[in-house]
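*Asks:* Sharing a structure below in structure tokens format, with a few things to ask.
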Amino acid sequence: MLTIGEFSRLTHLSIRTLRRYHEAGLLEPAHVDPSSGYRYYDPGQIPSAQVISRLRELDVPLADVRRILLTPDPTVRAHLVGEHLQRLQDQLSRTRAAVASLQRLLRPEPAGVAAELRHAPARRVAAVRGTVTHEEVLSWYAGAMAELDAVIDAPTGPAGGLYDNALFSEGRGDVLVYVPVAAPVPDLGRVHGTELPPAELAVTVHPGSHDTIDITYGELGRWVAEHALAVAGPVRETYLVGPRDTPAAEEWRTEIGWPVFRVASAGPARAESHP
């Protein structure tokens, strides 16, 4: 038998931590002296202590650690650990995206945005429409595009989407994703044929990953405030190059179209770069 001090040295777990694990029912000593209260451990408990240590290093909550240790089925244990690892991966992705956005925002001299005013004519599309929350957009988009791909063999241009202002301001709004088509399409499932109305847009292209696309939205909004009159209407995104074309995020190009009312002083459509 090992004293708690010896067991602590062998497992690199502090005596205080071992006492806390005992109280939580995670790692009970092999024997507790009834008169002195001293804890003694069996050498066979060392692997369990090491597993607990690794799980805690991954920030697995104590209650979940206990569930993992008490689950006899190795497949279930692997599933429980896998769920937590996925949560960590999601958190890491969010952290990386936030870091990228901050790095872009904190540049000493922001590059600004190159934008132009453009008339978008009416166009025939095959589309899927829905009302979703901001958190649901990516998964909903993937499902909608899968349905469009199954129905439309030869679109006449890149896919796009119309995003209602409420999606950004209220966290929930209407979304319409589409692919342009040459001829009318029959309704099939959620896919239906429709016509996008003409619109005046301030347009720019966001390069690379979508993690920092909010920064480009902000820069385009500032450009619009200085060059045109913003009007109510859904923002248009066109996926010139996206995840469906290449897994290399640095090659993605997303065109953003902000609805505007072009005033006479704005002159003809032109590209300008905000200083």
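The values are calculated or read from the model by the stated rules, or taken from the named source; none is laboratory data. Remember, predicted model here, so these are calculated numbers, not experimental data. Here Cβ is always computed from backbone atoms with ideal geometry, including for glycine, and neighbour counts include all displayed protein chains. Note: accessible area is taken over every heavy atom of the protein model, side chains too, but ligands, DNA and RNA are not part of it. Shrake-Rupley method; radii C 1.70, N 1.55, O 1.52, S 1.80 Å.
*Asks:* Scanning region 23-38 for residues that are of a type outside the set (Gly, Ala, Ser) and open to solvent by less than 50 Å² (accessible area, probe 1.4 Å), which turns out nearest to His84 (Cα to Cα)? Can you show your working first?
*Replies:* Narrowing region 23-38 to residues of a type outside the set (Gly, Ala, Ser): 23, 26-29, 31-34, 38.
From what's left, open to solvent by less than 50 Å² (accessible area, probe 1.4 Å): 26-27, 29, 33.
Working: Leu26: 18, Leu27: 21, Pro29: 27, Asp33: 37 Å.
Checking each candidate, the answer is Leu26.
*Asks:* Considering only region 7-16, I want to know if a residue exists there that is surrounded by 14 or more Cβ atoms within 10 Å (Cβ to Cβ) and touching a Pro at 6+ places or on another chain (Cβ under 9 Å).
*Replies:* Yes: one or more hits.
*Asks:* Let me ask something else. Please work out if Ser101 is part of a helix (DSSP H, G or I), surrounded by 14 or more Cβ atoms within 10 Å (Cβ to Cβ) and at pLDDT 85 or above. Quick ask: steps written out before the conclusion?
*Replies:* Values: part of a helix (DSSP H, G or I): yes; surrounded by 14 or more Cβ atoms within 10 Å (Cβ to Cβ): yes; at pLDDT 85 or above: no.
Judged against the criteria, Ser101 is not a match.
*Asks:* Same structure again: Filter region 43-63 down to residues that are touching a Phe, Trp or Tyr at 6+ places or on another chain (Cβ under 9 Å) and at pLDDT 85 or above and give me whichever is most open to solvent (accessible area, probe 1.4 Å).
*Replies:* Pro43
*Asks:* Going by the structure shown, is Ala115 at pLDDT 90 or above, open to solvent by less than 70 Å² (accessible area, probe 1.4 Å) and either among the aromatic types (Phe, Trp, Tyr) or part of a helix (DSSP H, G or I) (or both)? Walk me through how you get there before you give the answer.
*Replies:* On the way: at pLDDT 90 or above: yes; open to solvent by less than 70 Å² (accessible area, probe 1.4 Å): yes; either among the aromatic types (Phe, Trp, Tyr) or part of a helix (DSSP H, G or I) (or both): no.
Here the answer is no, as Ala115 does not meet what is asked.
*Asks:* Which ranges mark the strands (runs of 3 or more DSSP E) fully within region 143-227 that have 2 or more residues being touching a Leu at 6+ places or on another chain (Cβ under 7 Å)?
*Replies:* Once the strands (runs of 3 or more DSSP E) in region 143-227 are filtered for at least 2 residues that are touching a Leu at 6+ places or on another chain (Cβ under 7 Å), what remains is 160-163, 172-180, 199-207.
*Asks:* Does Ala232 fit the bill of being within 17 Å of Asn165 (Cβ to Cβ) and without any contact (Cβ under 8 Å) to a residue 12 or more places away in the chain? Even if it seems obvious, please write down each step before you answer.
*Replies:* Working: within 17 Å of Asn165 (Cβ to Cβ): yes; without any contact (Cβ under 8 Å) to a residue 12 or more places away in the chain: no.
No; evaluated as a whole, the condition is false for this residue.
*Asks:* Which members of region 6-36 meet the condition of being of a type in the set (Ser, Thr, Tyr) and within 23 Å of Leu70 (Cβ to Cβ)? It would help to see each step written out before you state the result.
*Replies:* Just the residues of region 6-36 that are of a type in the set (Ser, Thr, Tyr), to begin with: 8, 11, 14, 17, 21, 35-36.
Scanning region 6-36 gives Thr11, Thr17, Tyr21.
*Asks:* Of Gly208, Gly193, Gly218, Gly189, which residue is surrounded by fewer than 16 Cβ atoms within 10 Å (Cβ to Cβ) and touching a residue at least 24 places away in the same chain (Cβ under 8 Å)?
*Replies:* Details: Gly208 fails: surrounded by fewer than 16 Cβ atoms within 10 Å (Cβ to Cβ); Gly193 fails: surrounded by fewer than 16 Cβ atoms within 10 Å (Cβ to Cβ); Gly218 fails: touching a residue at least 24 places away in the same chain (Cβ under 8 Å).
Gly189 is the lone residue from the list that is surrounded by fewer than 16 Cβ atoms within 10 Å (Cβ to Cβ) and touching a residue at least 24 places away in the same chain (Cβ under 8 Å).
*Asks:* Just a yes or no: is a residue in region 136-147 touching a Pro at 6+ places or on another chain (Cβ under 8 Å) and open to solvent by 70 Å² or more (accessible area, probe 1.4 Å)?
*Replies:* No, the conditions are met nowhere in region 136-147.
*Asks:* Is it true that Ala159 is farther than 15 Å from Tyr239 by Cα, in contact with a strand residue (DSSP E or B) (Cβ under 6 Å, 6 or more places away or on another chain) and open to solvent by less than 20 Å² (accessible area, probe 1.4 Å)?
*Replies:* On the way: farther than 15 Å from Tyr239 by Cα: no; in contact with a strand residue (DSSP E or B) (Cβ under 6 Å, 6 or more places away or on another chain): yes; open to solvent by less than 20 Å² (accessible area, probe 1.4 Å): yes.
So Ala159 fails the test.
*Asks:* Do we have any residue at all in region 64-74 that's more than 22 Å from Thr17 (Cα to Cα), open to solvent by less than 40 Å² (accessible area, probe 1.4 Å) and not charged (D, E, K, R)?
*Replies:* Kept after step one, since they are more than 22 Å from Thr17 (Cα to Cα), are these residues of region 64-74: 71-74.
Those left that are additionally open to solvent by less than 40 Å² (accessible area, probe 1.4 Å): 71.
The next check asks that each one be not charged (D, E, K, R); those that pass are 71.
Yes: region 64-74 contains one or more residues that are more than 22 Å from Thr17 (Cα to Cα), open to solvent by less than 40 Å² (accessible area, probe 1.4 Å) and not charged (D, E, K, R).
*Asks:* Out of everything in region 4-25 that is over 38 Å from the mean Cα position of the chain (by Cα) and basic (Lys, Arg), what residue ends up being nearest to Gly44 (Cα to Cα)?
*Replies:* In this case the residue turns out to be Arg9.
*Asks:* Looking only at region 228-256, count every residue that is in contact with a Gly (Cβ under 9 Å, 6 or more places away or on another chain) and either in a strand (DSSP E or B) or open to solvent by 40 Å² or more (accessible area, probe 1.4 Å) (or both) and tell me the total. Spell out how you get there, then give the answer.
*Replies:* Restricting attention to region 228-256, the residues satisfying the condition of being in contact with a Gly (Cβ under 9 Å, 6 or more places away or on another chain) are 230, 234-239, 249-255.
With the extra rule that they be either in a strand (DSSP E or B) or open to solvent by 40 Å² or more (accessible area, probe 1.4 Å) (or both), the set shrinks to 230, 234-239, 250-251, 253-255.
Of the residues in region 228-256, 12 are in contact with a Gly (Cβ under 9 Å, 6 or more places away or on another chain) and either in a strand (DSSP E or B) or open to solvent by 40 Å² or more (accessible area, probe 1.4 Å) (or both).
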